[in-house]
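The values are calculated or read from the model by the stated rules, or taken from the named source; none is laboratory data. What you see is a predicted model, and the numbers here were worked out from it, not measured in a lab. As a convention, Cβ positions derive from the backbone with ideal geometry for all residues, glycine included, and neighbour counts pool all protein chains shown.
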Amino acid sequence: MTKNQSAPLSPAEVLALPAMPDVLSAFAALNIGRTLGYELIRADEFPIEVIRMGRALRVRKADLVAFLRVAEPAHDDAPGCEPGAESVRLPEGAAA
């Protein structure tokens with residue numbers, strides 16, 4: 001790895017990105033270098049939509065997650081929830 005190239009992002013790091021990360025974060029998530037990333041953007045061949053915000057280039061985290069097929073972690077350990085438990089629907093007007 002060269003000193004200009006950052007380490008690739010793990011799936012957990014991709015999920016922790018903000019809603020609109022910069023393209024450098026997208027390059028790291030895709031494990032491509034800066035030069036190739038900008039070349040793909042200029043050639044309109046970057047695999048996800050790039051959004052220009054003034055001089056900044058951003059991508060949607062949702063597009064990046066979908067492209068990489070990174071799964072959101074299951075929340076089976078939420079308090080009061082048991083995996084496979086049936087839902088209970090209260091009668092209309094009943095207080096919870």
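When the stretch 17-34 is examined, which residues are found to be small (G, A, S) and part of a helix (DSSP H, G or I)?
Start the filter on the stretch 17-34 by keeping residues that are small (G, A, S), which leaves 19, 25-26, 28-29, 33.
Scanning the stretch 17-34 gives S25, A26, A28, A29.
Quick one: would you say G37 is at pLDDT below 95 and either in a loop (DSSP other than H, G, I, E, B) or in contact with a helix residue (DSSP H, G or I) (Cβ under 6 Å, 6 or more places away or on another chain) (or both)? So that I can check it myself, show each step before the final result.
Details: at pLDDT below 95: no; either in a loop (DSSP other than H, G, I, E, B) or in contact with a helix residue (DSSP H, G or I) (Cβ under 6 Å, 6 or more places away or on another chain) (or both): yes.
The answer is no for G37.
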